[in-house]
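Worksheet: one structure, shown below.
The values are calculated or read from the model by the stated rules, or taken from the named source; none is laboratory data. Since the structure is predicted, the reported quantities are computational estimates derived from the model, not experimental observations. Backbone-built Cβ (ideal geometry, glycine too); neighbour counts: all protein chains shown.
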Amino acid sequence: MAHRIPLLIVGGGIGGLAAALAVSRAGYTAHVIERTEAFAELGAGLQLAPNATRVLDRLGLLDEIKHHAVFPKRLVMGDALSGALITTVDLGQTFLDHFGYPYLVMHRGDLLGAQLNACRNSPRIVLESNKEAIRIEDLGDGVRAEFLDGSSYECDALIGADGLHSLVRRTIADDGDPICAQFVAYRGTVPMDEVPKDADLDSMTIWVGPDLHFVQYCIRPGELFNQVAVFRSDKYTPNSDDWGTPEELDEHFAKTCPRVRHGIAKLRRGRRWPMYDRLPISNWTRNRITLLGDAAHPMLQYIAQGACQALEDANCLGDKMAEHAGDVTEVFRGYQEARIPRTSRVQEAARFFGDVKHIHGVGVPLRNALLARRASDDFDYFDWLYGYTGCPDEEESAAPSEEATARRTGIR
């Protein structure tokens, strides 16, 4: 017989654990299952903008993760081919006064570790690993989840936080496979004593060029330097893994400036990450089942908002649980009404900024000239994204005004 539980969260990554913490703080119990043997995060570097650090503060995690985080002094965009500076964003006191919360970078595993500790210390949260869901059945007034080990749970409600290839999503919106961007990423960290001498250790730096970019920043203070190289593969073939190879990596970045090439020389080539997203959908919910994070709105990494949006989802879900006590269908309805317009905009913005970063030809000097005109303490570009508090009225007030838009573009 199936074991009955109140709330099942499928997926024990950053989004799933944040959801568990958010609903537990609203007074509810949560059971989190993770298909792997241990709760862990792949990859290394993670950027958390003020819209995410604001949520981490609400979850009671910000003070702890500050001990593991690095606080860059600025965001820097440079031209990967010429090495010239394009634009900067000052992340100092003016930024903090403007948004109320910091921009930080850290190891993904350190954030997940802090979340795990908080979950384990909560009497309302159960964590279960090595539990792979293979079937989700909508029962109307509940949900049944069946697992690879032959067991099953029946639950009052279920949240799918199971990532890009979400099983739960197929129960709600079977919209096919994720969309391959034909770009691939190589990621890795460098010990501080091996960091290229010309690297900027005080900044989160992104070098942009035609069909490529390269990201560099410190994580784990004084220990590791994170690097990510991204490029469009000329050999992409659907349903094949024979593209985006290390040879292509070296070929694409051979034309870049010395600072970028020095970093690429230190980059690991043992694993590549093809880049995928999906188009926004208008519904995440079916009766007592809903989606969260990449299961709901997978996006390209070009504005570093994947984890940030999952944290926002969790915060909203917890608020709705507190607001509509006991009425799961009303909770999920209000949750997706609040979140879908926001996450759809972020998904679309991620694609747009990828195009901006990877632009070709005459677009390159136009982009560089436009961005060079903004001051380092002009945050108009970021207000709608980083200034989000979860309240639609406050979000609207944080959107750039027509005057601000005119000022940054030169159009009046």
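Just a few scattered comments:
- Test: residue in region 260-271 that is touching a residue at least 40 places away in the same chain (Cβ under 8 Å), within 20 Å of I179 (Cβ to Cβ) and surrounded by fewer than 15 Cβ atoms within 10 Å (Cβ to Cβ): no
- Apart from one condition, V356 fits all of (1) under 23 Å from T389 (Cβ atoms); (2) not in a loop (DSSP other than H, G, I, E, B); the exception is (1).
- Of the residues making up region 201-247, those that are on the phi > 0 side of the Ramachandran plot and without any contact (Cβ under 8 Å) to a residue 40 or more places away in the chain are G222, N239.
- Yes/no for G27 being surrounded by fewer than 24 Cβ atoms within 10 Å (Cβ to Cβ), small (G, A, S), in contact with a Lys or Arg (Cβ under 6 Å, 6 or more places away or on another chain) and touching a residue at least 60 places away in the same chain (Cβ under 8 Å): no
- Unique residue being touching a Phe, Trp or Tyr at 6+ places or on another chain (Cβ under 8 Å) and either of a type outside the set (A, V, I, L, M) or in contact (Cβ under 8 Å) with a residue 12 or more places away in the chain (or both) when the list is R74, R35, R58, R4: R4
- Elements of type strands (runs of 3 or more DSSP E) in region 29-134, at least 2 residues being closer than 21 Å to F382 by Cβ and in contact with a strand residue (DSSP E or B) (Cβ under 9 Å, 6 or more places away or on another chain): 45-48, 74-79, 85-90, 104-107
- Restricting S282, S344 to those that are in a helix (DSSP H, G or I), polar (S, T, N, Q) and farther than 19 Å from R108 by Cβ reduces the list to S344.
- Checking each residue in region 368-380 for being under 22 Å from P210 (Cα atoms), surrounded by 12 or more Cβ atoms within 10 Å (Cβ to Cβ) and free of Cβ contacts under 8 Å to residues at least 60 places away in the same chain picks out L370, R373.
- The number of residues in region 31-46 that are surrounded by fewer than 18 Cβ atoms within 10 Å (Cβ to Cβ) and among the small types (G, A, S) comes to 3.
- When each of A30, A52, A40 is tested for being among the small types (G, A, S) and either touching an Asp or Glu at 6+ places or on another chain (Cβ under 8 Å) or at positive phi (or both), the lone residue that passes is A52.
- As a summary of the residue check, I289 satisfies the conditions (1) modelled with pLDDT of 95 or more; (2) over 25 Å from L46 (Cβ atoms); (3) surrounded by fewer than 22 Cβ atoms within 10 Å (Cβ to Cβ) except for the one numbered (3).
- Residue check: L85 meets all listed conditions (1) out of contact with any Gly (no Cβ under 8 Å at 6 or more places or on another chain); (2) surrounded by fewer than 20 Cβ atoms within 10 Å (Cβ to Cβ); (3) outside the structural domain of A38 (by TED's automatic domain parsing) but one, namely (1).
- Any hit, region 302-317, residues being crowded, with 20+ Cβ neighbours inside 10 Å, farther than 20 Å from I9 by Cα and touching a Phe, Trp or Tyr at 6+ places or on another chain (Cβ under 7 Å): yes
- Residue that is closer than 30 Å to G83 by Cβ and without any contact (Cβ under 8 Å) to a residue 12 or more places away in the chain, where the choices are D193, D174, D198: D193
- Evaluating D63 against the criteria (1) free of Cβ contacts under 8 Å to residues at least 12 places away in the same chain; (2) acidic (D, E); (3) not assigned by TED's automatic domain parsing to the domain that holds F147 leaves one unmet condition, (3).
- Identity of the residue in region 249-259, in contact (Cβ under 8 Å) with a residue 24 or more places away in the chain and surrounded by 12 or more Cβ atoms within 10 Å (Cβ to Cβ), that ends up nearest to R170 (Cα to Cα): L249
Residue-wise test of (1) at pLDDT below 95; (2) crowded, with 19+ Cβ neighbours inside 10 Å; (3) in contact with a strand residue (DSSP E or B) (Cβ under 8 Å, 6 or more places away or on another chain); (4) not charged (D, E, K, R).
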| position | (1), (2), (3), (4) |
| --- | --- |
| F147 | no, no, yes, yes |
| E154 | no, no, yes, no |
| V168 | no, yes, yes, yes |
| D175 | yes, no, no, no |
| P178 | no, no, yes, yes |
| D198 | yes, no, no, no |
| P238 | yes, no, yes, yes |
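- Condition check for Y276: of a type in the set (F, W, Y), in contact with a helix residue (DSSP H, G or I) (Cβ under 8 Å, 6 or more places away or on another chain) and either assigned to a helix (DSSP H, G or I) or surrounded by fewer than 22 Cβ atoms within 10 Å (Cβ to Cβ) (or both): no
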